[in-house]
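K.L.:
My questions will all concern the structure given below.
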Amino acid sequence: MGKINKIAGVPVWEVLPEGESKGGLIVIHEVWGLNDHIKDVADRFGKEGYYVIAPDLLSETDIEKHMTPNLAKDLFNPERRNAVQPILRKIMAPIQEPDFAPKTTKKLRELFEYIYNNAESSQKVAVIGYCFGGSYSFNLAAEEPRLRAAVPYYGHADQSVKELSLIECPVLAFYGEKDERLIEGLPDLEERMHEANVDFTAQVYGNCGHAFFNDTNPYAYNEKAAKDAWKRTLEFLEANL
């Protein structure tokens, strides 16, 4: 349904809406990059009537060529996890560089400007991200006051109360209760969001962990949670776009 394009110098998977457009969405991939799963998610949003761009934010690194489906599955496989973690850390070194986050957020702001001014979005734009993309959804929300909604799936937010107070849009965040690191930090995040006066809702699903929405990973995917999160996401977008 979608096609590869280049916007603001960034390769994107661009999806035109079916029927009359409901607004624009920036869909940000997991740490595995702009793969077939994220393209499929973007296509699904297009079928719901949204104009979607899913940027490849790892295109200037060599991460994606090392990110095989088997590596992703092994990371979630309890019998293989310890063996692949050192490999993964080495592959991920480029995104740990000090200048990566500022450059990536700058790219997202430029992409936002493009989609905001596109006739298909009618200046109604939301961001949705998964894992790596969930974290950058928080980043964009704190950087862009014209954003209408943010939907981070199992993303990390380490912003201060002062930084979070710049968020103007409602935020709906999804987590799996077995995602220990994020769940342990969630009460603190909720407190910071409250102090920052952000309309923040956290939806936590039992019996699943990180990446529960990824239906290409049998070790992570939780069908019940994924279907409910999809339903809640569409309702949230309808309400705010």
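The values are calculated or read from the model by the stated rules, or taken from the named source; none is laboratory data. This structure is a prediction, so every number in the text was calculated from the model and none was measured. Neighbour counts are summed over all protein chains in view; Cβ atoms, including those assigned to glycine, are modelled from backbone coordinates with ideal geometry.
K.L.:
Do you know which of the residues in the range 21-42 that are more than 26 Å from residue 117 (Cα to Cα) and not in a loop (DSSP other than H, G, I, E, B) is farthest from the chain's Cα centre (by Cα)?
P.N.:
Per the stated criteria, the residue is 36.
K.L.:
Can you tell me how many residues in the range 212-224 are at pLDDT 95 or above and either under 17 Å from residue 33 (Cα atoms) or touching a strand residue (DSSP E or B) at 6+ places or on another chain (Cβ under 6 Å) (or both)? Even if it seems obvious, please write down each step before you answer.
P.N.:
Filtering the range 212-224 down to residues at pLDDT 95 or above leaves 212-215, 221-224.
Now restrict to residues that are either under 17 Å from residue 33 (Cα atoms) or touching a strand residue (DSSP E or B) at 6+ places or on another chain (Cβ under 6 Å) (or both): 212-215.
Within the range 212-224, residues that are at pLDDT 95 or above and either under 17 Å from residue 33 (Cα atoms) or touching a strand residue (DSSP E or B) at 6+ places or on another chain (Cβ under 6 Å) (or both) number 4.
K.L.:
Still on this model: Within the range 46-57, which residues are in contact (Cβ under 8 Å) with a residue 60 or more places away in the chain and either assigned to a helix (DSSP H, G or I) or not β-branched (Val, Ile, Thr) (or both)?
P.N.:
Listed by number, the residues that qualify are 48, 50, 51, 57.
K.L.:
Within the range 153-193, count every residue that is of a type in the set (Lys, Arg) and over 26 Å from residue 76 (Cβ atoms).
P.N.:
Summing the residues that are of a type in the set (Lys, Arg) and over 26 Å from residue 76 (Cβ atoms) in the range 153-193 gives 2.
K.L.:
I need the full set of residues from the range 186-223 which are part of a helix (DSSP H, G or I) and free of Cβ contacts under 8 Å to residues at least 12 places away in the same chain, in order please. Outline the logic, then answer.
P.N.:
So the first thing to find is which residues in the range 186-223 are part of a helix (DSSP H, G or I), and the list is 186-195, 223.
Correct list: 187, 188, 191, 194, 223.
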